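Presented below is the structure to which this report refers.
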Amino acid sequence: MQTLTVNIQDNFVQDFLTIIDHYKDKIQLKKDKNLEYDPYFYERKQQLQQDIDDIDNGKVKMINNEDFWDDIDNFTHSLQK
């Protein structure tokens, strides 16, 4: 069995369900909770994993919290000059 994601216009959902009703022995419908909460969940998950891999591989340097806030403070101070 294969898994596919299908985007259906709101006003077509009932028609779609009627169409596939004939094939209910061959099709399983399941709502993905992740996509209900965030339509871009899997794209974000993939990007986060890539960011983690880049940090682990040394491709990207992660700065510590104190340095980050120091940079923010310096930046906001420079705007006030």
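Being free of Cβ contacts under 8 Å to residues at least 40 places away in the same chain and touching a helix residue (DSSP H, G or I) at 6+ places or on another chain (Cβ under 9 Å) is not true of residue 64. Within the stretch 1-35, restricting attention to residues that are within 28 Å of residue 45 (Cβ to Cβ) and of a type in the set (Lys, Arg), the residue that is surrounded by the most Cβ atoms within 10 Å (Cβ to Cβ) is 33.
Assess whether residue 53 counts as being assigned to a helix (DSSP H, G or I), open to solvent by less than 70 Å² (accessible area, probe 1.4 Å) and either free of Cβ contacts under 8 Å to residues at least 24 places away in the same chain or not aliphatic (A, V, I, L, M) (or both). Against the criterion (assigned to a helix (DSSP H, G or I), open to solvent by less than 70 Å² (accessible area, probe 1.4 Å) and either free of Cβ contacts under 8 Å to residues at least 24 places away in the same chain or not aliphatic (A, V, I, L, M) (or both)), residue 53 qualifies. Taking the stretch 26-81 as the range and being over 30 Å from residue 2 (Cα atoms) and hydrophobic (A, V, I, L, M, F, W, C) as the test, the residues that pass are 55, 60, 62, 63, 68, 69, 72, 75, 79. Exactly one residue out of 17, 4, 35 is under 28 Å from the mean Cα position of the chain (by Cα), at negative phi, not β-branched (Val, Ile, Thr) and not in a helix (DSSP H, G or I): that is 4.
The values are calculated or read from the model by the stated rules, or taken from the named source; none is laboratory data. Being a predicted model, the structure only gives us computed values, none of them experimental. Note that we place each Cβ from the backbone using ideal geometry, even for glycine, and neighbour counts take in every protein chain shown. For accessibility, only protein heavy atoms count, side chains too; no ligands or nucleic acids. Shrake-Rupley method; radii C 1.70, N 1.55, O 1.52, S 1.80 Å.
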